[in-house]
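Shown next, in C-alpha cells, is the structure this report addresses.
Values in this text are rule-based calculations from the coordinates and carry no lab data. Computed from a prediction, not measured in an experiment: that's the story for all the values here. Cβ atoms come from the backbone with ideal geometry, glycine included; neighbour counts cover every protein chain shown.
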Amino acid sequence: MKENNSIVAADPLAHVVERLGTPEVLMDPYPHYYLEQVFPEDYYQTLLRNLPDSTVYENLFEVTDLKLDHFRHRDQKDIGAGWTDLLPGEPKVFWNTFNEWFLGPDLARAVLGTFADPMRARFGAEASWPEISVEVQLIRHRAGFFLGPHSDSSSKLVVLLLYLAPDDSASHLGTSIYRPKDPTFSCPKSAHYPFEDFIRVKTVPYRPNSMLAFFRSDRSFHGLEPLSEQDTTTCNRDLIQYVIYDKQARQAQVRARATREAAK
C-alpha cells in the first residue's frame, strides 16, 4: 500500500483520477460535487509558484462579444497550443508538462465518468454519448467582478472550477449555486440574471486545492457574489476552468460566432 501511495503522489494524473473516484454527486438543485486535495500537495504548491504573470492574461471585456462592464475585472488565458511561448524558463517547463496530461483523454474520461448517471439519463448508453472536446482556461478575478446566476452555454457537458487559493483566508469567495424563485424557470443559453430572482442554495468554499464540478443543464444556475476590495486585499481569485464540451455542438457554436464577426 505504501508503494502504491508513493506512485500516486509522484503522478499528478493518477492522483487526480483517484480523487475523482471519491466524491458523492449531489442532485439538488442539479448534479454537482465539491472535492478537496485535487492535486498532490507538493504539485499544487509548485503550480501556485508557477502561475503566470498578469501580463500573460487577456482581459475578458476586451476578448468577448458580451460587453458587460464588470468583465473588466476578469483576466484569463486559454490553455491551448502555443500558449506557453509567452512564459519564461521554469514556468514554461511546468506548464508544458501540465498540458500533456491535463488536456489529455484519460482525465477527460475520468471527469465525464463522475457524471455517468446524468449522462446516461440524457444520452442513453455510453456508446451513444457525443464525441467530446476539452477547453481549459486560467482565470484571475479582481475586485469589482461578479457573475449573476447563469446556466452556461448549452454546448457544455461538464464544468470543473479548480480553485487556486494560497490559503483559507478567502474561503467565502467560492462559487454559489442557485435555484430560481420561479420553479418553472430554465435557460438554454448563458444569459446572466439578477441575484434577486434566485435563491442561493449554497456557496462552496474557495479553499486551496479544491474544486466544484457540475453537470450542465438548463437549470445549472451558478455565479459569483460581487468581489470587494477587502475580498482581494491579499490575493486575486485564481482558478482553472476545465470544460468538457459536446464537440459537434461546440464546433457549430464557434462557426456561428465567426460568421457573426465576419458580418460586422
Notebook entry, point to check: Packing-wise, with mean Cβ within 10 Å as the measure, how do 143-149, 180-186 rank, highest first?
Noted result: 143-149, 180-186
Next item on the list: Take every Cα pair under 8 Å in region 2-263 that's 6+ residues apart, average their separations, divide by the length, and report that relative contact order as a whole percent.
Entry: 25 percent
Checklist line | Gyration tensor verdict on region 44-197 (Cα atoms; rounded if a/c is under 1.5, prolate if a/b is larger than b/c, oblate otherwise) | finding: oblate
Check: Where does each of Val93, Val111 land when they are ranked from fewest to most other beta-carbon atoms within 10 angstrom?
Finding: Val93, Val111
Checklist line | Mean ellipticity per residue at 222 nm, deg cm²/dmol - from DSSP H runs of n ≥ 4 across the chain, formula -39500 (n - 2.57) | finding: -8500 deg cm²/dmol
Check: List the GluC sites (Glu not before Pro) in region 59-159 that DSSP assigns to loop (not H, G, I, E or B) and whose Cβ has at most 13 other Cβ atoms within 10 Å. Which are they?
Finding: Glu131
Note to self: For region 2-263, compute the orientation-averaged projected area of the C-alpha convex hull (one quarter of its surface), in nm².
What the structure shows: 15.2 nm²
Notebook entry, point to check: How big is region 107-241 by the Kirkwood estimate over distinct Cα pairs, in Å?
Noted result: 16.0 Å
Checklist line | Global form of region 59-143, assessed from the alpha-carbon gyration tensor, a/c cut-off 1.5 | finding: oblate
